[in-house]
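This report concerns only the one structure given below.
Just so you know, all these numbers are worked out from the coordinates, no wet-lab data involved. Please read these numbers as outputs of a predicted model, since none were measured by experiment. Methodologically, a virtual Cβ is constructed for each residue, glycine included, from the backbone with ideal geometry; neighbour enumeration extends over all protein chains shown.
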Amino acid sequence: MSWITTHLEIVIIVVLTLLAAIVILQQRRTPQSTAAWLLFIIALPWVAVPLFLGLGFRKQSSRYSPVHFLKGDTGGPPPHPVHTLDATMQYFGLPAAAQGQDLRLLGDPTAAHEAVMALIQGAEKQLDVLFYIVANDETGRIFVDALTERATAGVKIRLLMDRLGTLRGPAAALRRLRAAGGDVRFYSPLLQFPGSGHLNLRNHRKMIIADDARVFSGGMNIGAHYLGPTARADGWTDLAYLLEGRAVQSFGDVFRSDWEVASGETLEPAPSVAADTGGGATVQLVPSGPDITEDPLHDGLIRALHLAEARIWLVTPYFVPTEALGAALTTAARRGVDVRVLVPERSNQRLADFARGAYLRDLHEAGGHVLYYQPGMIHAKAGIIDDMGLVGTANFDVRSMLLNFEVTLFVYDAATVAKLHDWFAHLSEHCAMEKPPTGMIRKVAEGVFRLGAPIL
């Protein structure tokens, strides 16, 4: 009977390998990602096929329906694009850039905490909250208790957290919130059918929407590392923002879609808010993830990098770009564009620090500048490309660009871009400009990692 068992095992693995290959070839992936997965499956099928079932899926329309955006009533014909990237995003089906918005950048952790508390306490009807991490520390408990107080006062509270990011949340505080009438959900549970592919698709979005009119978003999670009543001695450098105006509607559209996936409930569309708040900001929300058709953030950034004439300044904690993004950056540097990538000298992810080496070295050799932030961890995700800026939740890496659920704000007005310029310049004063580490052994190890990076 042993030969029968062996035969069945061979048949099963061949069938699974072929099925996995068929699925891979139908997905919209980079050639590097497709090749990496196929080679992995052929070389080690018993290991690769189960991993692919759990980790290999990207766009899953059967599970994540595309976000439905309420474009809003502008009172006339569709607005003329304010920027080349605005036109590109509209081509992808995203709402047009909104002018006359009120935008406040928040780079200080104490000021950010005060803004979050004021936003929560000022809510009169509803708070829709989504975070990757709500930490089990003083900051996390204060945050959840503030939501509980508003729930007790009759404000509708919906709190959504990624299950992996908030693996250890403030359980007692969350129980109090539920008891007060708050609705608490977790996105993408860890225990699920392997073929669903959800384990690798994490919700990295961050937002607090108050009364469908104001939103807090950016790189900051809820925890002492990011913001708090008092700044930590090892406090991370991060960047968030407060936004008021018609653009908030797009955040609400994204939240409703995420909530429907997590809860099975269908939420009514939010009412339109005032198109013009009197502010001077011009902004556009660019979400990305399995629930967004195509890859507008990734492809839009590639277009922006190729069109750049003067400067490309990026701040990111982890720098493991797709091959297309990396090539666009090095090409821009060779064209004479002022390319600067600011990263922490040592991040909280040692593997990411190792993985970035080859990409930073490519940039350096092409004439770009690598700035290593000395004081500590920098968690901000922001940048300036000529006359536009961006700030959001997406890191400049493969995972944020092609896998995770993210939200990034494109900024087109000169005043806000100038503020981002000043913020970047201030960070640069605390950076060392060094050549990325070299060495034969390191280069070989980085090369091996680079081959496997597309499957992550």
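Listed values, structure above:
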| quantity | calculated |
| --- | --- |
| Hydrodynamic radius by Kirkwood, which averages 1/r over all alpha carbon pairs of region 82-128, in angstrom | 13.7 Å |
| Check: the chain dipole with +1 on Lys, Arg Cβ and -1 on Asp, Glu Cβ, in debye | 1140 debye |
| Segment H306-A153, extension gain: residue separation times 0.36 nm, minus the distance between their alpha carbons | 49.9 nm |
| Of P317, A123, L51, farthest towards positive along the dipole that unit charges on Lys, Arg, Asp, Glu beta carbons give the chain | L51 |
| Simple spin-label estimate for R334 and A445 in nanometres, 7 Å along Cα-Cβ | 2.9 nm |
| Rg/Rg_ref, the chain, where Rg_ref = 2.2 N^0.38 Å and atoms are Cα | 0.99 |
| Spin-label model distance (nm) - L267 vs L38, 7 Å beyond Cα toward Cβ | 4.2 nm |
| Neighbour cut-off at most 15 other Cβ (10 Å), DSSP loop, GluC sites (Glu not before Pro), region 354-456 | E429, E434 |
| Which listed pairs, of K156/K419; K206/K435; K125/K419; K156/K206; K125/K381, have C-alpha distances above 28 Å, in listed order | K156/K419; K206/K435; K125/K419; K125/K381 |
| Among beta bridges that DSSP assigns inside the chain, antiparallel share in %, nearest 5 | 60 percent |
| Pairwise label distance in nanometres, A327 with Q349, each label 7 Å out on the Cα-Cβ vector | 2.4 nm |
| Helical mean residue ellipticity (222 nm; -39500 (n - 2.57) per DSSP H run of 4+; nearest 500) of the chain | -12500 deg cm²/dmol |
| Whole-Hz ³J(HN,Hα) from phi, Karplus 6.51 cos²θ - 1.76 cosθ + 1.60, for region 320-334, glycine and proline x | 9, x, 5, 4, 5, 5, x, 5, 5, 5, 5, 4, 4, 4, 5 |
| Lys, Arg +1 and Asp, Glu -1 on Cβ, resulting dipole of region 296-455 about Cα centre, debye, nearest 20 | 480 debye |
| Ranked W37, W259, criterion: other C-beta atoms within 10 Å, fewest first | W259, W37 |
| Residues Y373, Y91, sorted so that the one with the fewest Cβ neighbours within 10 Å comes first | Y91, Y373 |
| Which of A180, M388, Y64, positive extreme of dipole for the chain (C-beta unit charges) | Y64 |
| Nearest-0.05 FRET efficiency for L190 and T5, computed from C-beta distance (R0 25 Å) | 0.15 |
| H298, H421, H379 arranged by Cβ crowding within 10 Å, fewest neighbours leading | H421, H298, H379 |
